[in-house]
Amino acid sequence: METQFNLMESERLKPSLRIFGLDENESDIKPLESVIVENVIDVIGKPDLFNENYLISALRVGERKDEEPIMILAKVRKSDDKFEIFKFRDALRRKGIRVSNDLSFLQSK
């Protein structure tokens, strides 16, 4: 039963990703979705394909620890879009931004 639940949850989270390293102050000035487009999606270099409509939702999660920015959970239209972002992980790391899969509760244990 637990395995089945984990599989269902993993399927639900396929188009979701975690983003670390975005400046929190920017979201006071503009919507979080715009910050993600400017700092993460623009690295892909396909503005005609990836814009604010590319994101379904974005939410900061957790509490600030030391000088680390808060994690952002973002959901894109489809999992293939997320994997397109993952192709640019090295370029994002050079900007101080990290991206990873969103994990189910059981996976994060």
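Whether any residue in the stretch 59-66 is open to solvent by 30 Å² or more (accessible area, probe 1.4 Å), modelled with pLDDT under 70 and in a loop (DSSP other than H, G, I, E, B) is what I want to check.
There is no residue in the stretch 59-66 that is open to solvent by 30 Å² or more (accessible area, probe 1.4 Å), modelled with pLDDT under 70 and in a loop (DSSP other than H, G, I, E, B).
I want to confirm something. Restricting to the stretch 16-58 and keeping residues that are at pLDDT 80 or above, part of a loop (DSSP other than H, G, I, E, B) and open to solvent by 20 Å² or more (accessible area, probe 1.4 Å), which single residue is farthest from Arg93 (Cα to Cα)?
Pro31
Just for the stretch 71-99: of the residues that are assigned to a loop (DSSP other than H, G, I, E, B) and surrounded by fewer than 16 Cβ atoms within 10 Å (Cβ to Cβ), which one is modelled with the lowest pLDDT?
This residue is Lys78.
The values are calculated or read from the model by the stated rules, or taken from the named source; none is laboratory data. Just so you know, these numbers come straight off a predicted model, no measurement behind them. Glycine also receives a Cβ, built like all others from the backbone with ideal geometry; neighbour counts cover every protein chain displayed. Protein only, heavy atoms only, side chains kept; ligands, DNA and RNA dropped before computing areas. Shrake-Rupley method; radii C 1.70, N 1.55, O 1.52, S 1.80 Å.
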